[in-house]
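Colleague: My questions all concern the structure below.
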Amino acid sequence: MVRRSSTFNRSRIDHLRNDIELVYGDLGDSSVLNQLMRSIRPDEVYNLGAQSHVRVSFDMPEYTADVVAVGTLRLLDAIRETDLRCRFYQASSSEMFGKVAEVPQTEETPFHPRSPYGVSKVFGHWITRNYREAYGVYAVNGILFNHESPRRGENFVTRKITLGLGAILRGERESIELGNLDAKRDWGYARDYMEGAWRMMQQERPDDYVLATGETHSVQEFLEEAFGYVGLDWRTHVTTGERLLRPAEVDLLVGDYSKARSELGWEPKVTFRELVRMMVDADR
Ligand code: GDD
């Protein structure tokens, strides 16, 4: 399902054009969701739709809540009204842990979201559980920690760094402006994580699972790894700006994926270093 836009933004799925069919819709429009459920009658629905940028959610809190929180409810309700056998995957997020209550975070760690985005994802998480418990929908929450790839959106920190580094190497620019370099994230490879999401949907019974690598690295470490790989010193090419700081920050995320390992047989395959290098190579 894609949103109508006056400019095309589908380069990341161009290579799949002959294998998939796109339909117009919007998580803000329940009549379309209901109509699509009735006409397509899907076996599985993956809800990855969102206003997914944490910083932007402070600028557009109501829109973020409408799409991320109520949008999830709209989709679940379309399933309830049309076909209770349709399986539902909810992209829950490690941002729900926010100001973390324990380290590492598991499926049982209490939530303390720190942004309108995180708060909206908590609603999405619980409404997914609620439809499972109340109506018996096969509905799972994949609590995914940050997952990256060369297709990462251009204003998330990893891609911003590798895109900027590519431009620096080509002599197109001198520096990259960033915000908080001390934040620590558990960064994995998106392809590994999507395989995990699919596995969650093939189980006998629906449940919630953390997908993570179990390792955490600061933004500064990402810079060191990326610039070090091409023989440059990040300190001469990075500036920091107040405007890129968040009103409330999530300082540290690191996940425990033991449950996914034992019940889904899932394990991340790509290491932090391999991930950084893959992204640098793609953008240089
Ligand atoms: N985007 C961005 N831009 N982040 C920066 C910058 C910058 O210039 N400078 C420092 N950071 C810091 C942020 O403050 C944050 O602590 C960290 O880098 C990661 O920011 P993002 O890459 O924007 O990702 P995120 O962790 O906020 O959220 C992502 O991961 C979540 C899963 O935990 C998004 O993909 C969410 O949609 C996802 O749910």
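Colleague: Which ³J(HN,Hα) values in Hz, rounded to whole numbers, follow from the phi angles of segment 44-55 under the Karplus curve 6.51 cos²θ - 1.76 cosθ + 1.60, where θ = phi - 60° and Gly and Pro get x?
Modeller: Those phi angles translate into 9, 10, 10, 9, 9, x, 5, 8, 9, 8, 4, 4 Hz.
Colleague: Mind listing the long-range amide H neighbours of residue 144? Cut-off is under 5 Å, sequence gap 5 or more, other chains count too, H placed in the peptide plane at 1.01 Å from N.
Modeller: Those qualifying (amide H under 5 Å, at least 5 residues apart or on another chain) are 92, 93, 94, 211.
Colleague: So, one more: Mind checking which lysines have their Cα closer than 18 Å to the Cα of residue 121? Skip sequence neighbours fewer than 8 apart in that chain.
Modeller: 99
Colleague: Measuring from label point to label point, each 7 Å out along Cα→Cβ, what is the residue 41 to residue 21 span in nm?
Modeller: 1.3 nm
Colleague: According to the Cα gyration tensor, what semi-axes, each the square root of 5 times an eigenvalue, does the equivalent ellipsoid of segment 241-284 have, listed from largest to smallest in whole Å?
Modeller: Value: 28, 21, 7 Å, ordered largest first.
Colleague: If you place +1 on the Cβ of every Lys and Arg, -1 on the Cβ of every Asp and Glu, and leave all else neutral, what size is the dipole of the chain about its Cα centre, to the nearest 20 Debye?
Modeller: 580 debye
Colleague: Rank 89, 223, 158 by how far each Cα sits towards the positive end of the charge dipole of the chain (+1 on Lys, Arg Cβ; -1 on Asp, Glu Cβ) and give me just the farthest.
Modeller: Ranked along the dipole, the leading option is 89.
Colleague: What is the diffusion coefficient of segment 1-133 in µm²/s, taking the Kirkwood radius over Cα pairs and the Stokes-Einstein relation at 37 °C with a viscosity of 0.692 mPa s? Before the final figure, lay out the partial values.
Modeller: Numbers: Rh = 16.0 Å.
Translational diffusion coefficient: 205 µm²/s.
Colleague: Distances longer than 25 Å among the Cα atoms of the chain: what percent of all pairs is that?
Modeller: The answer is 50 percent, as a whole percent.
Colleague: Which percent of the accessible heavy-atom area of the chain goes to carbon and sulfur, probe 1.4 angstrom?
Modeller: Values: 6710 of 14410 Å².
Carbon plus sulfur share of accessible area: 47 percent.
Colleague: Taking only Cα atoms, what is the 0 to 90° angle, nearest 10, from helix 157-169's long axis to the longest principal axis of the chain?
Modeller: It is inclined by approximately 40 degrees.
Colleague: So for the pair residue 81, residue 248, with labels modelled 7 Å out along Cα→Cβ, what separation do we get in nm?
Modeller: Going from the residue 81 label point to the residue 248 one covers 3.4 nm.
Colleague: Given points 7 Å out from each Cα along the Cα-Cβ axis, report the residue 99 to residue 218 separation in nanometres with one decimal.
Modeller: Placing both labels 7 Å along Cα→Cβ, they lie 2.2 nm apart.
Colleague: What is the helix-to-structure angle for 30-40, meaning the angle in degrees between its Cα long axis and the longest Cα principal axis of the chain, kept from 0 to 90 and rounded to the nearest 10?
Modeller: For helix 30-40, the angle is close to 70 degrees.
Colleague: Given springs between every Cα pair under 10 Å in a Gaussian network model of the chain, which of 176, 127, 13 has the largest fluctuation?
Modeller: For the chain, modelled as a Gaussian network with Cα springs under 10 Å, the answer is 13.
Colleague: Around residue 173, which amide H atoms from residues at least 5 apart in sequence, or from another chain, sit under 5 Å from its own amide H, with H modelled in the peptide plane?
Modeller: 168
Colleague: Under 5 Å between amide H atoms, partner at least 5 residues away or on a different chain: which partners does residue 208 have, H built in plane at 1.01 Å?
Modeller: 141
Colleague: Step through the residues of segment 194-204 one at a time and calculate ³J(HN,Hα) from phi using the Karplus curve (6.51 cos²θ - 1.76 cosθ + 1.60, θ = phi - 60°), rounding each to whole Hz and writing x for Gly and Pro.
Modeller: Rounded to whole hertz, the list is 5, 5, x, 4, 4, 4, 4, 7, 9, 6, 5.
Colleague: Got a sec to turn the phi values of segment 88-99 into Karplus ³J(HN,Hα) couplings, 6.51 cos²θ - 1.76 cosθ + 1.60 with θ = phi - 60°, whole Hz, x for Gly and Pro?
Modeller: In residue order, the calculated couplings are 10, 9, 10, 6, 6, 9, 5, 4, 5, 6, x, 7 Hz.
Colleague: Right, another one. Listed highest first by mean packing, meaning other Cβ atoms within 10 Å per residue, what order do 101-114, 249-262 come in?
Modeller: In decreasing order of mean packing, 101-114, 249-262 become 249-262, 101-114.
Colleague: Enumerate by residue number the trypsin sites (Lys or Arg not before Pro) in segment 15-101 meeting two conditions: DSSP loop (anything except H, G, I, E, B), and at most 13 other Cβ atoms within 10 Å of the site's Cβ.
Modeller: Here the trypsin sites (Lys or Arg not before Pro) that fit, given the DSSP loop and packing criteria, are 17, 85.
Colleague: Across segment 168-284, how large is the tail of the calculated P(r) beyond 17 Å, expressed as a percent of all Cα pairs?
Modeller: Tail of P(r) above 17 Å: 64 percent of Cα pairs.
Colleague: Net charge near residue 224, counting Lys/Arg +1 and Asp/Glu -1 over other residues with Cβ under 10 Å of its Cβ?
Modeller: -2
Colleague: I've got another one for you. For segment 154-196, take every pair of Cα atoms, bin their distances at 10 Å starting from 0, and report each bin as a whole percent.
Modeller: 23, 42, 28, 7
Colleague: In square angstrom, what is the accessible area per residue of segment 159-254 with a 1.4 angstrom probe?
Modeller: Value returned for segment 159-254: 48 Å² of accessible area per residue.
Colleague: Which loop chymotrypsin sites (Phe, Trp or Tyr not before Pro) in segment 1-67, with loop taken from DSSP, have no more than 11 other Cβ atoms within 10 angstrom of their Cβ?
Modeller: Those that pass, being in a loop and sparsely packed, are 8.
The values are calculated or read from the model by the stated rules, or taken from the named source; none is laboratory data. The structure presented is a predicted model; accordingly, all values stated were derived computationally and were not measured. No Cβ is skipped: glycine too gets one built from the backbone with ideal geometry, and neighbour counts run over all protein chains shown. Just the protein is used for accessible areas: all its heavy atoms, side chains included, with ligands, DNA and RNA removed. Shrake-Rupley method; radii C 1.70, N 1.55, O 1.52, S 1.80 Å.
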